[in-house]
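Written below as structure tokens is the structure these notes are about.
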Amino acid sequence: MAVYGFLVLISIPGSLCAQQEYETARREMLAEVEEMVADTRSYTGIEALDKKVVQAVAAAPRHEFVPPSLRALAYLNNALPIGEGQTISQPYIVALMTHLLGVDENMTVLEIGTGSGYQAAVLAALVRHVYTIEIIESLGKRAEDTLVRLGYDNVTVKIGDGYIGWEEHAPFDAIIVTAAPEEVPQPLIDQLKTGARMVVPVGPQHGYQSLQVLEKQQTGEITVTDILPVGFVPFVKGDSQKISP
Ligand code: SAH
């Protein structure tokens, strides 16, 4: 009993301590992100992040979404490898894209490129439901496990090719694409509601990519605004994009 009591005494303060360290690191990361937003305002036109976006980033435990061996780096304002040659985006980019989406609590959002599930977790705090598609099965499964374990009950993960979107749940109030296509897939444009926005990095893998905001006007016309140059992993061509013989 004495040994048991001793173990409890050291293990609870130990984990509390780690949680506090993560929280401190997360606050420092957010301060850096906000500074970067201010530094890049001449490109983006954004003076400051929406307060709700700041709160959502502050609430998302990024250390749970990176590989365990990289947890100590989870709150650096950097992209990090998540396996299969893919990355979890830089927190500044996650915050910026979330801000640009302009979401609210009544919205249903589609994400293409689940990756670690981190961007979906940030969005989940802001909207009614997040549908997210990942083409690499092992990543999609891991992201789903993480999201379920952490109690995110308004995120649905699907393994598949995001090129064709998710017809059953369309049209969407907002679409976020976190891998770079050379051209915006037409099915995604079709699955946007009138008045809705898509935030998407567009451009070749090793060439110039631009983070764009597309908006579907009442007339059906799509307006495009270039926000800033970015570097995303490529939007992979799945079976749905291969021309059949
Ligand atoms: N949003 C992620 C980061 C994603 S990295 C996060 O928060 O961690 C981009 C992801 O897009 C990769 O996991 C990649 O496998 C995926 N991807 C690339 N092409 C895709 C496609 N056609 N359909 C669905 N996912 C795709």
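Read the figures in this text as sums done on the coordinates, not as results from a lab. Computed from a predicted model, the values in this text were never measured in an experiment. When we count neighbours, we look across all protein chains shown, and the Cβ atoms used for this are built from the backbone with ideal geometry, even at glycine.
Considering only DSSP beta bridges with both partners in the chain, what is the antiparallel share in %, to the nearest 5? Show your work: numbers first, answer last.
Numbers: 17 of 36 bridges.
That works out to approximately 45 percent antiparallel.
Seen against the Cα atoms of the chain and their longest principal axis, helix 91-101 is set at about 50 degrees.
By its C-alpha gyration tensor, with a ≥ b ≥ c as the square roots of the eigenvalues, how is the stretch 102-183 shaped: rounded for a/c under 1.5, else prolate for a/b larger than b/c, else oblate? Oblate is the answer for the stretch 102-183, as a/c is 1.5 or above yet b/c matches or exceeds a/b. Multiplying each eigenvalue of the alpha-carbon gyration tensor of the stretch 17-122 by 5 and taking the square root yields semi-axes of 21, 17, 14 Å, largest first, rounded to whole angstroms.
Roughly what % of Cα-Cα distances in the chain sit above 22 Å, to the whole percent? Please report the intermediate quantities before stating the final value.
Details: 16135 of 29890 pairs.
Here the tail beyond 22 Å accounts for 54 percent of pairs.
A full extension of the chain between residue 76 and residue 169 corresponds to an added length of 30.0 nm, given 0.36 nm per residue minus the alpha carbon distance.
Relative to the longest principal axis of the Cα atoms of the chain, helix 137-149 runs at roughly 50 degrees. For the pair residue 44 and residue 223, the difference between a 0.36 nm per residue extended length and the Cα-Cα distance amounts to 62.8 nm.
Comparing Cα centroids, the stretch 172-223 and the stretch 27-48 end up 23 angstrom apart.
Here the spin labels are modelled as points 7 Å beyond Cα on the Cα-Cβ line, and at residue 105 and residue 138 they lie 4.0 nm apart.
Pairs of Lys residues in the stretch 117-245 that lie 8 or more places apart, or on two chains, and have C-alpha atoms under 25 angstrom apart add up to 9. Spread over its residues, the convex hull of the C-alpha atoms of the stretch 119-166 is 66 Å³ per residue.
If you plug the beta carbon distance of residue 20 and residue 84 into 1/(1 + (r/R0)^6) with R0 = 45 Å, you get a FRET efficiency near 0.90. Can you compute the label reach from residue 145? Point 7 Å from Cα along the Cβ direction, backbone N cut-off under 16 Å, restricted to the stretch 103-126. Only 115-118 fall inside the zone, counting backbone N under 16 Å.
Could you check what % of the DSSP bridge pairs in the stretch 172-220 are antiparallel, to the nearest 5?
Details: 6 of 10 bridges.
Expressed as a percentage, antiparallel bridges in the stretch 172-220 total about 60.
Charges at C-beta only: +1 for Lys and Arg, -1 for Asp and Glu. How large is the resulting dipole of the stretch 69-182 about its Cα centre, in Debye rounded to 20? The partial results should precede the final answer.
Details: 6 positive and 14 negative charges, 94 e Å.
Here the size comes out at about 460 debye.
Is the shape of the stretch 90-136 best called rounded, prolate or oblate, per the rule: a/c under 1.5 gives rounded, else a/b larger than b/c gives prolate, else oblate, with a ≥ b ≥ c the square roots of the Cα gyration tensor eigenvalues? If you can, show how the numbers build up before the last one.
Working: a/c = 2.01, a/b = 1.17, b/c = 1.73.
Here the stretch 90-136 falls in the oblate category.
When DSSP assigns beta bridges and you keep just the ones with both residues in the stretch 101-245, what percent turn out antiparallel, to the nearest 5? The antiparallel proportion sits near 40 percent.
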